[in-house]
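As structure tokens, the structure follows; a few thoughts come after it.
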Amino acid sequence: MESMGYFAFILAVIALARCTSLNTQVRELKYNIHGAGIGHTETASLREILEKSIGKTADLKIETIGLSFGASLSDCQILEVDEEWALVLTGKKQEKKLVRIQSIRGVNLKD
């Protein structure tokens, strides 16, 4: 009877590992679809919002591809925007960073 418990535990661990693997594959597939230009209307509208906000300060929420957590850039100034990239000035040292527009999941503009 105890062996059935071990067997169920092993199956649960395998199922959890498989779900995690599938989540990563779905994220990569979404990234490839957006990279191919299929259904990128959200990116176009986000690009337009960023273009209108050049020179303003914003907080950006960024999704890291393949990982289930994201990062954020606080108090960054939007310097330049093109079709795929946004150039921002961030940090205490005022470093310039390139951010791919399709990886931006949220923008909080500040006055």
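Among the residues of region 50-75, what is the count of those that are at pLDDT 85 or above and open to solvent by 80 Å² or more (accessible area, probe 1.4 Å)?
Counting residues in region 50-75 that are at pLDDT 85 or above and open to solvent by 80 Å² or more (accessible area, probe 1.4 Å) gives 6.
Which residues, counting only those in region 101-111, are among the charged types (D, E, K, R) and either within 18 Å of the chain's Cα centre (by Cα) or over 13 Å from Asp75 (Cα atoms) (or both)?
Across region 101-111, the qualifying residue is only Arg105.
In this structure, is Leu98 surrounded by 12 or more Cβ atoms within 10 Å (Cβ to Cβ), assigned to a strand (DSSP E or B) and either under 14 Å from the mean Cα position of the chain (by Cα) or at pLDDT 85 or above (or both)?
No; evaluated as a whole, the condition is false for this residue.
The values are calculated or read from the model by the stated rules, or taken from the named source; none is laboratory data. The structure presented is a predicted model; accordingly, all values stated were derived computationally and were not measured. Ideal geometry is used to build each Cβ from the backbone, glycine not excepted, and the neighbour counts take in all protein chains shown. Side chains included, ligands, DNA and RNA excluded: accessible areas come from the protein's heavy atoms. Shrake-Rupley method; radii C 1.70, N 1.55, O 1.52, S 1.80 Å.
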